[in-house]
1. Spot the failing condition for Lys168; the list is (1) within 30 Å of Glu45 (Cβ to Cβ); (2) part of a loop (DSSP other than H, G, I, E, B); (3) at pLDDT below 95, and only one is missed.
2. Could you name every one of the helices (runs of 4 or more DSSP H) located completely within the stretch 1-107 that has at least 1 residues being within 16 Å of Pro174 (Cβ to Cβ) and touching a residue at least 24 places away in the same chain (Cβ under 8 Å)?
3. Could you check, for the stretch 46-56, whether at least one of its residues is more than 22 Å from Leu29 (Cα to Cα), of a type in the set (Ser, Thr, Tyr) and in contact with a helix residue (DSSP H, G or I) (Cβ under 7 Å, 6 or more places away or on another chain)?
4. In the stretch 120-148, what residues are assigned to a helix (DSSP H, G or I) and under 12 Å from Val3 (Cβ atoms)?
Amino acid sequence: MSVKITYFVHGTSNDNEKEISSGWYDAGLSEKGIEQSIDLKDQIEDKTFDIVFCSDLKRAVDSAKLTFEGTVKIIADKRLRECNYGKFNAQPSEIVEPMQEKNITERFPEGESYEDVKSRIADFLASLKKNYYGKSVAIVAHKAPQLALEVLLRGKTWEQAFAEDWRKRKAWQPGWEYILE
């Protein structure tokens, strides 16, 4: 037995369209993001989930509701938040993104490191294993938690996770599958 996880990234946010790295800033979905979240419902109509977890940030909550509301219980969990960029929350991506790979172990000023994110996600996975073993779980969240899953469940280094990130290749897909043993 295991927990089957399908990971979905939130729809495009207003900040994404402005090339802003939100971090913990609570940006909302853009019109495009709303459409993406509604369209996702049709793209995954053959999948069923026992529960949906999402980050407690608005862009993830709204994406989860637009895709799953009325079909399965949705629980917002702050452990699924994006990396806290501290002083760099809601700053231009051209500034923040080059810093991300340098902040694997070193925290962003007044924020956290990617290792901190990994600790949050490891704690979340432990609760999934304890409470949802044998279940199919959907997660709607952000870049950093997904990269942490690559490290924790697929054995990648942070450097590999960043280098192979689908965002660099513009290779979005309607969900990524992970198995929690």
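1. The single condition Lys168 does not satisfy is (2).
2. On the way: elements: 14-17, 31-43, 58-68, 93-100.
By residue number, 31-43, 58-68.
3. Filtering the stretch 46-56 for residues more than 22 Å from Leu29 (Cα to Cα) gives 46-51.
When the remaining residues are screened for being of a type in the set (Ser, Thr, Tyr), the result is 48.
With in contact with a helix residue (DSSP H, G or I) (Cβ under 7 Å, 6 or more places away or on another chain) added as a condition, the list becomes none.
Within the stretch 46-56, not a single residue is more than 22 Å from Leu29 (Cα to Cα), of a type in the set (Ser, Thr, Tyr) and in contact with a helix residue (DSSP H, G or I) (Cβ under 7 Å, 6 or more places away or on another chain).
4. Of the residues in the stretch 120-148, the ones assigned to a helix (DSSP H, G or I) are 120-131, 143-148.
Result: Phe124, Leu125, Ala126, Ser127, Leu128, Lys129, Lys130, Asn131.
Yes or no, residue by residue, for (1) over 26 Å from Pro109 (Cβ atoms); (2) more than 15 Å from the chain's Cα centre (by Cα):
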{"position": "Ile5", "(1), (2)": "yes, no"}
{"position": "Ile20", "(1), (2)": "no, yes"}
{"position": "Gly23", "(1), (2)": "no, no"}
{"position": "Glu31", "(1), (2)": "yes, yes"}
{"position": "Ser37", "(1), (2)": "yes, no"}
{"position": "Leu40", "(1), (2)": "yes, yes"}
{"position": "Ile51", "(1), (2)": "yes, yes"}
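The values are calculated or read from the model by the stated rules, or taken from the named source; none is laboratory data. This is a predicted model, so every value here is computed, not measured. Don't worry about glycine lacking a Cβ; one is built from the backbone with ideal geometry, like all the others, and counts go over all protein chains shown.
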